[in-house]
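The values are calculated or read from the model by the stated rules, or taken from the named source; none is laboratory data. Remember, it's a predicted structure, so these values are computed and weren't measured experimentally. Cβ placement follows ideal geometry from the backbone for every residue including glycine, while neighbour counts extend to all protein chains displayed. For the accessible areas, the whole protein counts, side chains as well, though only heavy atoms, and no ligand, DNA or RNA atoms are used. Shrake-Rupley method; radii C 1.70, N 1.55, O 1.52, S 1.80 Å.
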Amino acid sequence: MDTKELLKKVRKIEIKTRRLSDHIFSGEYHTSFKGRGMTFSEVRQYQYGDDIRAIDWNVTARYNEPYIKVFEEERELTMLLMVDVSGSESFGSKNQFKKEIVTEIAATLAFSATQNNDKIGLILFSDEIELYIPPKKGRSHVLRIIRELIEFEPKSKQTDVSQALKFLSGTQKKKAIVFLISDFMTDEYEHTLKIASKKHDITGIRVYDIREEKMPNVGMVSMLDAETGQTVLVDTSSKSVRSNYEKYYQDKVKYFKETFSKSGSGTVNTRVDESYVTKLLGYFKSR
């Protein structure tokens with residue numbers, strides 16, 4: 001992709017997702033995720049009804065009349081976008097690939113965080129850490145993140161959510177708001193998610209395509225595994241083949257939901273042809 005085409009794509013995504021974050025998500029995001037606690041703001045004279053536990057005794061003694069400490073919520077947060085860039089994200093049977101929806105979701109969340117003056121970081125992962133952009137503030141930083149989401153070419157096509165969570169725990173020492181975006185067609189991440197969730201506020205966003213849920217009966221076809229690169233001949237007319245595939249898929253979905261629930265983390269499920277706006281708003285309001 002040449003520079004002109006890339007900038008055009010970045011601008012198109014910015015216009016769409018910034019409108020959403022400005023008018024829809026910024027308020028919901030602001031109220032859904034709390035700051036790290038209360039920070040000292042000022043000292044003022046005591047007023048009737050104030051909590052006596054907030055009295056600043058040193059200032060009170062100095063001026064010989066009661067003063068209290070005023071605190072406000074420390075709103076500044078750090079958001080980390082953890083995005084699966086494995087081979088399966090390039091699948092799509094409708095108008096868009098999963099990768100394109102993932103990019104839009106990540107951009108919308110990033111601009112929502114920018115509205116709150118929060119830092120935003122990015123982790124792109126496959127079965128290894130492909131790219132890490134440390135958290136920073138500002139529009140130019142968000143645009144860099146969008147550029148990477150559009151044009152980054154991963155070294156590996158396979159997936160390992162557990163490795164990504166280990167990297168998160170190792171690099172992010174302070175509490176962060178984490179959005180882990182993937183199709184979650186993998187498992188064995190329960191332990192690392194449990195550890196990471198003790199420190200961070202994690203939400204798993206599962207992006208999937210309707211054609212992944214069930215295998216259609218179209219006879220004997222060659223199928224390419226996007227993550228291993230292997231091509232296999234599959235008899236889709238076989239009821240047992242279709243049944244085994246559906247069970248495999250549902251097992252992965254069940255694992256995702258149960259694992260995140262056990263760790264106390266939130267989940268969002270959005271299909272490529274559905275409105276991720278509706279799904280995210282519903283999630284924010286339910287928190």
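Within region 149-182, the only residue that satisfies the criterion of being at pLDDT 95 or above and part of a loop (DSSP other than H, G, I, E, B) is 160. In this structure, is residue 236 of a type in the set (Val, Ile, Thr) and either closer than 26 Å to residue 218 by Cβ or open to solvent by 80 Å² or more (accessible area, probe 1.4 Å) (or both)? Judged against the criteria, residue 236 is a match.
Every residue, every condition in (1) more than 20 Å from the chain's Cα centre (by Cα); (2) of a type in the set (Gly, Ala, Ser); (3) farther than 14 Å from residue 127 by Cβ, yes or no:
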| position | (1), (2), (3) |
| --- | --- |
| 172 | no, no, yes |
| 197 | no, yes, yes |
| 203 | no, no, yes |
| 215 | yes, no, yes |
| 245 | yes, no, yes |
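Scanning region 130-162 for residues that are open to solvent by 50 Å² or more (accessible area, probe 1.4 Å) and either over 16 Å from the mean Cα position of the chain (by Cα) or on the phi > 0 side of the Ramachandran plot (or both) yields 136, 137, 139, 140, 144, 147, 151, 153, 155, 157, 158. Does residue 275 satisfy the criteria of being polar (S, T, N, Q), over 20 Å from residue 215 (Cα atoms) and either in contact with a strand residue (DSSP E or B) (Cβ under 6 Å, 6 or more places away or on another chain) or open to solvent by 70 Å² or more (accessible area, probe 1.4 Å) (or both)? Considered against the rule, which asks whether it is polar (S, T, N, Q), over 20 Å from residue 215 (Cα atoms) and either in contact with a strand residue (DSSP E or B) (Cβ under 6 Å, 6 or more places away or on another chain) or open to solvent by 70 Å² or more (accessible area, probe 1.4 Å) (or both), residue 275 comes out as no. The C-beta contact set for region 238-252 (first residue under 14 Å from residue 211 (Cα atoms), second residue acidic (Asp, Glu), distance under 7 angstrom, 6+ apart or interchain) comprises 249/212; 249/213. Restricting 247, 252 to those that are assigned to a helix (DSSP H, G or I) and open to solvent by less than 40 Å² (accessible area, probe 1.4 Å) reduces the list to 252. If you go through region 188-205 and keep only what is at negative phi and open to solvent by 60 Å² or more (accessible area, probe 1.4 Å), you end up with 190, 191, 194, 195, 198, 199.
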